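Data first, discussion second: the structure below is written as structure tokens.
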Amino acid sequence: MATIRKRNNKYQAQVRLQGQYKSKSFNNIKDAKKWSTHLENKINLGGELETLDKSILLKDLLKRYLKEITPFKKGKVREEQRIKRLIKDNVSRKHLYLIKTKDFVEFKNKRLVSGNRTCRYDLSLLHHLYNVAIKQWNYPILFNPVSNVPKPKCNPPRERRLSDNELKYILNEKFKNPNVIKIIEIALETGMRRSEILNVKREHINDHILYLPDTKNSYPRKIPLTNKAKKILDNCYLPFKISDNAFKLSWKRMIKRSRIQDLHFHDLRHEAISRFFEKNLSIPEVALISGHKDVRQLMRYTHLKLENLVKKI
């Protein structure tokens, strides 16, 4: 199949047919069409054009993607971990020219054991990998085999709220690193993500306003600080002297000791945002603090306690 597109005032013709590929640029579209038709006829008559190197494995593409594409992404650290795990998977040991859609269907069925969300992220990454290989790296691949693999629906949004006993236990926990409890309290007071808290610097604070120049969605935002949050930040060294991994390990150890069930640190963001609504803040006010651009996404983080609603009505 031939495709013709205009690039840099020239017409680039690409022919992909029966596993063969070739491209060439022309000054006018008429010549590009003639050349494309000639090659298509040649292939249909049994001629040979450029073919995909049969020694290339899927993991070779993943390694190139990790080197050339991932470093420029916002979530590069997490994606690097994902790609390194994918490289070890059996599907990555297959030759690129032999991989079919059914191979990724089998991969999907296996990955679903780890959860719908994890599987969906893996498939999205592999889908983009093939698009980059075809459109940017000009690999002679006829189609994206991941395109026909239905992505699993994400798990329902979490509705986890802290109970009074859980909150009391966590706030009274004696962490080896005193920064851990401070980070937890800041999360409850502001609804900030762990990465955002760990990157707070002294110059980002102006009275009761905290400026976040770097956020998950790449949009800077300002957060009003409660008196408690302001006091914590005023009385500690910034940025916090603890790595992201060290904090994760401290949190996991605390959860294990306490035997608190199914509580993630990110649930503290749910807790904080829900508390903002319980304080009668409006949707625009909460969105300003949380950084949500889509109200539907914001409402996924909001789970009001029924006992509080009972008191109101």
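The values are calculated or read from the model by the stated rules, or taken from the named source; none is laboratory data. Since the model is a prediction, treat every value here as computed from it, not as a measurement. Cβ placement follows ideal geometry from the backbone for every residue including glycine, while neighbour counts extend to all protein chains displayed. Remember, those area values only see protein heavy atoms, side chains included, never the ligands or the DNA or RNA. Shrake-Rupley method; radii C 1.70, N 1.55, O 1.52, S 1.80 Å.
Quick one: in segment 207-219, of everything that is in a loop (DSSP other than H, G, I, E, B) and more than 23 Å from the chain's Cα centre (by Cα), which residue is surrounded by the fewest Cβ atoms within 10 Å (Cβ to Cβ)?
Asp207
Give just the number: which of (1) at pLDDT 90 or above; (2) assigned to a loop (DSSP other than H, G, I, E, B); (3) more than 30 Å from Tyr65 (Cα to Cα) does Pro156 not satisfy?
Single failed check for Pro156: (1).
Among the numbered criteria (1) in contact with a Lys or Arg (Cβ under 8 Å, 6 or more places away or on another chain); (2) closer than 22 Å to Ala246 by Cβ; (3) open to solvent by 40 Å² or more (accessible area, probe 1.4 Å), which single criterion is violated by Ile232?
(3)
Given the residues Lys222, Lys176, which is the only one that is more than 28 Å from Arg296 (Cα to Cα) and either in contact with a helix residue (DSSP H, G or I) (Cβ under 9 Å, 6 or more places away or on another chain) or part of a loop (DSSP other than H, G, I, E, B) (or both)?
That would be Lys176, the only listed residue that is more than 28 Å from Arg296 (Cα to Cα) and either in contact with a helix residue (DSSP H, G or I) (Cβ under 9 Å, 6 or more places away or on another chain) or part of a loop (DSSP other than H, G, I, E, B) (or both).
Any chance you could count how many residues in segment 179-203 are open to solvent by less than 60 Å² (accessible area, probe 1.4 Å), out of contact with any Leu (no Cβ under 6 Å at 6 or more places or on another chain) and part of a helix (DSSP H, G or I)? If you could, list the steps in order and put the result at the bottom.
Here is the first cut: in segment 179-203, the residues open to solvent by less than 60 Å² (accessible area, probe 1.4 Å) are 179-194, 196-198, 200.
Still in the running and out of contact with any Leu (no Cβ under 6 Å at 6 or more places or on another chain): 179-186, 189-194, 197-198.
Filter once more, keeping what is part of a helix (DSSP H, G or I): 179-186, 189-190, 194, 197-198.
Result for segment 179-203: 13.
Out of curiosity, is Lys63 open to solvent by 80 Å² or more (accessible area, probe 1.4 Å), under 20 Å from the mean Cα position of the chain (by Cα), within 30 Å of Arg111 (Cβ to Cβ) and at pLDDT 95 or above?
It is true that Lys63 is open to solvent by 80 Å² or more (accessible area, probe 1.4 Å), under 20 Å from the mean Cα position of the chain (by Cα), within 30 Å of Arg111 (Cβ to Cβ) and at pLDDT 95 or above.
Any residue at all in segment 135-143 that's within 25 Å of Arg111 (Cβ to Cβ), open to solvent by less than 10 Å² (accessible area, probe 1.4 Å) and assigned to a loop (DSSP other than H, G, I, E, B)?
no
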